[in-house]
Structures are given as structure tokens and as C-alpha cells.
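So the structure is just underneath, and the comments pick up after that.
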Amino acid sequence: MRVTKAASLADDLVQRFEQQIEVGEMAPGARFPTEKAITEAFGVSRTVVREAYSRLAARGLLVSRRGSGAYVADGARYRAFQIAADEFGEIEDVLRLLEMRMGFEAEMADLAARRRTDADLDAIRDTLDAMENSANVDESVAADAAFHAAIAAATRNDYFLRFTQFLGVRLVPSRKLYLQGSDRQRHQQYARTINRDHQAIFDAIEAGDPAAARRAARRHMDKSIARYRAMQDGLPAEPATG
């Protein structure tokens, strides 16, 4: 599951154009180079160029005009943060997102432990039950996303909930990447392993212990990162949440 050469070359082009747009070298309305010009300048195939342009379009940076070419989208420098679903085809992509989530999840658990209500605790318990009873990857994915959303709601900060819901949708491919082709028993083992981590976070939140909640959330992310790094290296790894 290593990054392919074509994907890596497309990444390089995307980063190059993103930087030029962000620093103002390519202003809104500016025309992107033609496929032919890029293939000659950078020694890449047209397939690589098309993949890079597709990613730029998905991120709201590029708009195509039939018969005219590709242009920098209006307001591209001020676009909202987004992560396109097609960015999760490789383990390295998942690892970058998990690293970003580390501090976010820890702070969210901390605030939930300080602010949770009895209704919040009931909602989190329901997700633990759903995870325990899940029988396939889709059910475990839904229960996992619901768990983090319930904690986000307990922070009493709508921005945590909105961002968690945003991430939840985009984390589905990473979990399926890990569980693809697995049988029912493997899915259940995965769900129960996740639930042990979730239970530790819940216990700290229920106890109103912010420091313990923060530690439990961080351990949860650490295990995820370790599992995907083991996959990247072709090593066996214990199931953990993604």
C-alpha cells in the first residue's frame, strides 16, 4: 500500500500550484499551464497532470472552462479548510490526518470532561453499545464516528461538533483501508478493540477528570498511528481505531 510514483508526482504538482496560489503568484482568474506545457517542463505524463488538476478542482482551487482551459478559482486564496475524499487512498495520507487529530481529540475530551451533562453521558454510552454490537465495517464506522461526535457535543462548543462531523465522513475510507476483505470475526475484534479505548475515554469524562480524558484520547490516537505505520512497513499490528 505504498504511495505510487504517479500519485507522488501528482502530489508534487498540487503542492507547487497551491503554494503559488497562496503567495499570490497565481491570482484568481489566472490560467493554469496547458497539459503539454507541464509535461515538457516537469517531465511527467499527461495522466499525472490530469490527476493533479482533478485534486486542485476538488479543493476549490481550479475551475475548467470548456474550450478555454483551466483557471484559478475566484477566492481560491481564501478557501475554507477541506480534505477531499480522494486524498485517503494511501496510508501516508491517513497518518497525516491522524497526526493532526492528536491535539484536537485530546482537547475535545478535556473539555467534555469539564462540561458534560447526564444527557451527554447517555449519548456516549449509546455509541459504546452500538460499537460493541456492530457486525461489519459499516456499522463499526458509524458507531466510531458517533462516539467522537457525542464527545464533541459534550464540549458545548458547536465548532468542535461541526469539525468532528466533517472529519468523520472522511475517515471512513481509512478504516475500510484497514479492514478491507476481512470477515465478520475480524470486524468484531476490531470493534471491541476500539471500544476498550473508547471506554477509557468515557470513564474519564464521566468522572469529570480532564487530565485523564486527555491522556486516554491521546493514547487512542497513538495506537491508531502505530497501527497504520505497521501497515505501511508490512508488519502485523493489533487492531485499533482509525
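The values are calculated or read from the model by the stated rules, or taken from the named source; none is laboratory data. Quick caveat, the model's predicted, so the values are computed rather than measured. Cβ atoms come from the backbone with ideal geometry, glycine included; neighbour counts cover every protein chain shown. Please note that ligands, DNA and RNA were not included when accessible areas were found on the heavy atoms of the full protein model with its side chains. Shrake-Rupley method; radii C 1.70, N 1.55, O 1.52, S 1.80 Å.
Computed quantities for the displayed model
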read-out: Scope segment 146-186; condition modelled with pLDDT under 90, of a type in the set (Gly, Ala, Ser) and over 20 Å from the mean Cα position of the chain (by Cα); matching residues; value: 181, 182
read-out: Test: residue in segment 152-165 that is surrounded by fewer than 19 Cβ atoms within 10 Å (Cβ to Cβ), touching a Ser or Thr at 6+ places or on another chain (Cβ under 7 Å) and outside any loop (DSSP other than H, G, I, E, B); value: no
read-out: Restricting segment 187-223 to residues that are among the basic types (Lys, Arg) and surrounded by 14 or more Cβ atoms within 10 Å (Cβ to Cβ), the residue that is modelled with the lowest pLDDT; value: 192
read-out: Unique residue being of a type in the set (A, V, I, L, M), modelled with pLDDT under 90 and either open to solvent by 60 Å² or more (accessible area, probe 1.4 Å) or more than 22 Å from the chain's Cα centre (by Cα) (or both) when the list is 58, 7, 27; value: 27
read-out: Members of segment 98-112 that are open to solvent by 10 Å² or more (accessible area, probe 1.4 Å) and not charged (D, E, K, R); value: 100, 102, 103, 104, 111
read-out: Pick from segment 13-24, criterion open to solvent by 80 Å² or more (accessible area, probe 1.4 Å) and under 14 Å from residue 53 (Cβ atoms), ranking: modelled with the highest pLDDT; value: 16
read-out: Number of the condition not met by residue 103 [criteria: (1) more than 30 Å from residue 208 (Cα to Cα); (2) modelled with pLDDT of 90 or more]; value: (1)
read-out: Residue match in segment 113-121 (condition: in a loop (DSSP other than H, G, I, E, B), modelled with pLDDT of 90 or more and open to solvent by less than 30 Å² (accessible area, probe 1.4 Å)); value: no
